[in-house]
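Participant: Pasting in a structure now, in structure tokens, and then I'll have a few things to ask.
The values are calculated or read from the model by the stated rules, or taken from the named source; none is laboratory data. Computed from a predicted structure; not experimentally measured. Backbone-built Cβ (ideal geometry, glycine too); neighbour counts: all protein chains shown. Each accessible area value is taken on the protein alone, full model and side chains, heavy atoms only, with ligands, DNA and RNA left out. Shrake-Rupley method; radii C 1.70, N 1.55, O 1.52, S 1.80 Å.
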Amino acid sequence: MQEVYINLGARSYSIYVDTGLLPRLGEYLKVLKLTPRVLLVTNPVVGSLYGAAAETALKNAGFEVIRAEIPDGEEYKSLATAEKLYDLAYTCELDRRSPVVALGGGVVGDLAGFVAATYLRGVPFIQVPTTLLAQVDSSVGGKVAVNHPRGKNIIGAFYQPRLVLADLDVLKTLDPGEVRAGLAEVIKYGVIADQAFFAWLEENLERLLALEARALAYAVAVSCRIKARVVQEDETEQGRRAILNFGHTLGHALEALTGYTTYRHGEAVATGMAAAARLAVALGMFPEGDAARVINLIRRAGLPVEVPAGISPDELLASMRRDKKVLAGRLTFVLPVEIGRVEIVRDVPEKTVGRVLRL
């Protein structure tokens, strides 16, 4: 068992990383002294694999489970889907101490968290992430949101969970593409904050791709600790927390332009990280050798490193201008200056961006 504690005063909580956590879900919730009715949000794929285990764990601890399955896919992380969950919560008479439990990946977690943050002005929220990406990133830090057709996560809130249970056993049933997508965010942490961790990833990438338990436990725990430190310093992204968006300026634009149906989030972020490394070299900020290491590690993980042909340059730049980090119309990127350290760079020249991305 590894515990990562996020110290945010009254909003503090623990992230537990281990095998065998899902069957103990009810025990962990019981400690939080919640009312017995639980809204369990999942999707059909995860529900078929782990829904029964989650329900059994909750019922054995005395909880009444209301199970809601949302369609699988980023395009369903929407206000329309949220409205259906509000209707269910209202019909089943959830109160302000009734928890919403997210059992799934980033889409389930973001959507269920958004509903928890806004239903009755806030009900308890529990994250049980079932993808590598969700365990190391989206379940941690309290960002919850739904998408708008013109941009990803445009409608959202900062709302911390009461608990995160990262059960490594559930990763065994992941599609290999989902494992690779999750590794994009793991690589991100090495680039932005921990040179030694990046070097460890270079040495141990194959162990992670093979889902070796000890390697996974280490990578997930280190990733969560890095994110915890950043979130503790800047919970609502007024400054330093924006470094967690390394690769996301371009990544979110790619997702939005393709209707959230072409790229897994990690694939889009991987493309964005490679582009950011090249852009930093072009601006004289980042050594070419370090950029090559970053791009090579992304490529070894089986992730894309080039903007695909067929993407409209004008539309891609326009989408990046609408990124949440943009202030006063200035194009903003998180760019590396060395492996383990990045800077937030505002007013990046669009001509340079276009040249680097070959737009």
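Participant: Output yes when any residue across segment 47-58 is open to solvent by less than 70 Å² (accessible area, probe 1.4 Å) and assigned to a loop (DSSP other than H, G, I, E, B), and no when none is.
Facilitator: No.
Participant: Now for a separate question. What are the pairs with Cβ atoms under 8 angstrom where one residue, in segment 275-295, is farther than 11 Å from I339 by Cα and modelled with pLDDT of 95 or more and the other, located anywhere, is part of a loop (DSSP other than H, G, I, E, B) and open to solvent by 40 Å² or more (accessible area, probe 1.4 Å)? Sequence gap at least six, or different chains.
Facilitator: Once the first residue is farther than 11 Å from I339 by Cα and modelled with pLDDT of 95 or more and sits in segment 275-295, its partners that are part of a loop (DSSP other than H, G, I, E, B) and open to solvent by 40 Å² or more (accessible area, probe 1.4 Å) give V281/P287.
Participant: Just one of the numbered conditions (1) within 20 Å of A181 (Cα to Cα); (2) part of a helix (DSSP H, G or I); (3) touching a Lys or Arg at 6+ places or on another chain (Cβ under 9 Å) is not true of S319; which one?
Facilitator: (1)
Participant: If P71 passes every condition in (1) under 19 Å from N147 (Cα atoms); (2) open to solvent by 50 Å² or more (accessible area, probe 1.4 Å); (3) in contact with a strand residue (DSSP E or B) (Cβ under 6 Å, 6 or more places away or on another chain); (4) not acidic (D, E) but one, which one does it miss?
Facilitator: Condition not satisfied by P71: (3).
For every residue, the table says whether it meets (1) surrounded by fewer than 18 Cβ atoms within 10 Å (Cβ to Cβ); (2) β-branched (V, I, T).
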position: T258; (1), (2): yes, yes
position: G284; (1), (2): yes, no
position: A291; (1), (2): no, no
position: I298; (1), (2): no, yes
position: A301; (1), (2): no, no
position: D314; (1), (2): yes, no
position: F333; (1), (2): no, no
position: P349; (1), (2): yes, no
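Participant: Only one of D95, D87 is over 14 Å from I155 (Cα atoms), of a type in the set (D, E) and in a helix (DSSP H, G or I); which? Give the steps one after another, and end with the answer.
Facilitator: On the way: D95 fails: in a helix (DSSP H, G or I).
It is D87.
Participant: Within the set of pairs 6 or more residues apart or between chains, which connect a residue that is at positive phi inside segment 97-123 to a residue that is part of a loop (DSSP other than H, G, I, E, B) with Cβ atoms less than 6 Å apart?
Facilitator: Qualifying pairs under 6 Å: G104/N43; G104/T130; L120/R96.
Participant: Continuing with the same structure: Out of (1) outside any helix (DSSP H, G or I); (2) open to solvent by 10 Å² or more (accessible area, probe 1.4 Å), what's the single condition that is false for I126?
Facilitator: Checking I126 against (1) outside any helix (DSSP H, G or I); (2) open to solvent by 10 Å² or more (accessible area, probe 1.4 Å), the one that fails is (2).
Participant: When only residues in segment 129-142 that are within 9 Å of the chain's Cα centre (by Cα) and open to solvent by 10 Å² or more (accessible area, probe 1.4 Å) count, which is nearest to L174 (Cα to Cα)?
Facilitator: Step by step, filter segment 129-142, then rank; the result is L133.
Participant: Moving on to the next point. Between V144, V123, V108, which is at pLDDT 95 or above, in contact with a Lys or Arg (Cβ under 9 Å, 6 or more places away or on another chain) and within 18 Å of E185 (Cβ to Cβ)? Walk me through it before giving the result.
Facilitator: Details: V144 fails: in contact with a Lys or Arg (Cβ under 9 Å, 6 or more places away or on another chain); V123 fails: within 18 Å of E185 (Cβ to Cβ).
After applying the criteria, what remains is V108.
Participant: Filter segment 2-46 down to the residues that are assigned to a strand (DSSP E or B) and of a type in the set (S, T, N, Q), then identify the one that is surrounded by the most Cβ atoms within 10 Å (Cβ to Cβ).
Facilitator: Residues of segment 2-46 that are assigned to a strand (DSSP E or B), as a first pass: 2-6, 13-18, 37-42.
Now narrow it down to the ones that are of a type in the set (S, T, N, Q): 2, 14, 42.
Numbers: Q2: 15, S14: 14, T42: 27.
Among residues in segment 2-46 that are assigned to a strand (DSSP E or B) and of a type in the set (S, T, N, Q), the one surrounded by the most Cβ atoms within 10 Å (Cβ to Cβ) is T42.
Participant: Could you list all residues from segment 330-359 that are assigned to a loop (DSSP other than H, G, I, E, B) and not acidic (D, E)?
Facilitator: Result: L331, T332, I339, G340, R346, V348, P349, R358, L359.
Participant: Can you report the number of residues in segment 144-166 which are buried (at least 24 other Cβ atoms within 10 Å of the Cβ) and of a type in the set (D, E, K, R)? If you could, list the steps in order and put the result at the bottom.
Facilitator: Start the filter on segment 144-166 by keeping residues that are buried (at least 24 other Cβ atoms within 10 Å of the Cβ), which leaves 144, 147, 152, 161, 164-166.
If we keep only those that are of a type in the set (D, E, K, R) as well, we get 152.
Qualifying residue count, segment 144-166: 1.
Participant: How many of the residues making up segment 222-242 are in contact with a helix residue (DSSP H, G or I) (Cβ under 9 Å, 6 or more places away or on another chain), open to solvent by less than 10 Å² (accessible area, probe 1.4 Å) and modelled with pLDDT of 95 or more?
Facilitator: Going through segment 222-242 one residue at a time, the tally reaches 5.
Participant: Does G73 satisfy being on the phi > 0 side of the Ramachandran plot, of a type outside the set (A, V, I, L, M, F, W, C) and at pLDDT below 95? Reasoning before the result, please.
Facilitator: On the way: on the phi > 0 side of the Ramachandran plot: yes; of a type outside the set (A, V, I, L, M, F, W, C): yes; at pLDDT below 95: yes.
Considered against the rule, which asks whether it is on the phi > 0 side of the Ramachandran plot, of a type outside the set (A, V, I, L, M, F, W, C) and at pLDDT below 95, G73 comes out as yes.
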